[in-house]
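Working notes, beginning with the structure itself.
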Amino acid sequence: MNAPTGDVPDFLRIIRTLTDHGVEFIVVGGVAANLFGSARLTYDLDIVYSRKEANLRQIAKALENANPYLRGAPLGLPFKLDLRTLKNGLNFTLTTDLGPIDLLGEVPGARSYEELLNDSIEINEQDLTFRCVTLPRLIQLKNAAGRPKDLESLAELRAILEDLDK
């Protein structure tokens, strides 16, 4: 994984906070791509999280001291990331004192955490153990998302997959 430099957040710090609180999640997006060798910079951590109530409680507890706030929302807008908010919402793009994190209850191409679980692997990085989407599934997710930045990364990810299959 790319070491934090300049404005790139310390993603392992965010992951450590989540794992220390027992949060069930799967890393997707740019950080997942970096874990497989992508050279593209990413500025937020995308995770798909379990929507079980106990896990929602753990997410709220993990991030309560990190001052989570909706990314792009006007300052002063009332927002509290708690069990009620997590139950009533689905996907949250947040700024936190730990760095930017996207909490995704569902993603295009694979609806939920439970649906992605079989397409994830365990990663061990700097004394951390967490789940990450597999490279073939990441390629499918980026294709399904269809955003220009996702489509731009597909050629690199397919080349990495091809090298791994050799």
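Every number here is computed from the coordinates shown, using simple stated rules; none is lab data. On a predicted model such as this, the values are computed, not experimentally measured, just so you know. Ideal geometry is used to build each Cβ from the backbone, glycine not excepted, and the neighbour counts take in all protein chains shown.
Of note:
- When residues in segment 108-118 are screened for being buried (at least 16 other Cβ atoms within 10 Å of the Cβ) and touching a helix residue (DSSP H, G or I) at 6+ places or on another chain (Cβ under 8 Å), 3 of them pass.
- Those strands (runs of 3 or more DSSP E) of segment 97-166 in which 2 or more residues are under 13 Å from L35 (Cβ atoms) occupy 120-125, 128-133.
- The set of residues from segment 127-141 being free of Cβ contacts under 8 Å to residues at least 24 places away in the same chain and surrounded by 11 or more Cβ atoms within 10 Å (Cβ to Cβ) comprises T134, I139.
- Residues that are polar (S, T, N, Q) and within 14 Å of the chain's Cα centre (by Cα), drawn from segment 121-138: T134
- Positions within segment 7-28 being outside any loop (DSSP other than H, G, I, E, B) and in contact with a helix residue (DSSP H, G or I) (Cβ under 8 Å, 6 or more places away or on another chain), in sequence order: F11, T17, L18, D20, F25, I26, V27, V28
- Meets criteria (crowded, with 16+ Cβ neighbours inside 10 Å, of a type in the set (A, V, I, L, M, F, W, C) and over 16 Å from the mean Cα position of the chain (by Cα)) for I160: yes
- Selected residue (only one of L83, L90 is surrounded by fewer than 17 Cβ atoms within 10 Å (Cβ to Cβ) and more than 18 Å from H21 (Cβ to Cβ)): L90
- Tally, over segment 30-86, of residues that are within 16 Å of the chain's Cα centre (by Cα), among the polar types (S, T, N, Q) and not in a helix (DSSP H, G or I): 3
- Residues that are part of a loop (DSSP other than H, G, I, E, B) and over 13 Å from L56 (Cα atoms), drawn from segment 87-96: T96
- First in segment 107-126 and over 15 Å from E24 (Cβ atoms) and in contact (Cβ under 8 Å) with a residue 24 or more places away in the chain, second anywhere and surrounded by fewer than 18 Cβ atoms within 10 Å (Cβ to Cβ) and of a type in the set (G, A, S), Cβ under 8 Å, 6 or more apart: V107/A144; V107/A145; P108/A144; P108/A145; P108/G146; G109/A144; G109/A145; A110/A144
- P100 falls short on exactly one of the conditions (1) under 13 Å from G29 (Cβ atoms); (2) in contact with a His (Cβ under 8 Å, 6 or more places away or on another chain), and that condition is (2).
- Scope segment 122-166; condition of a type in the set (V, I, T) and closer than 21 Å to R40 by Cα; matching residues: I123, V133, T134, I139, I160
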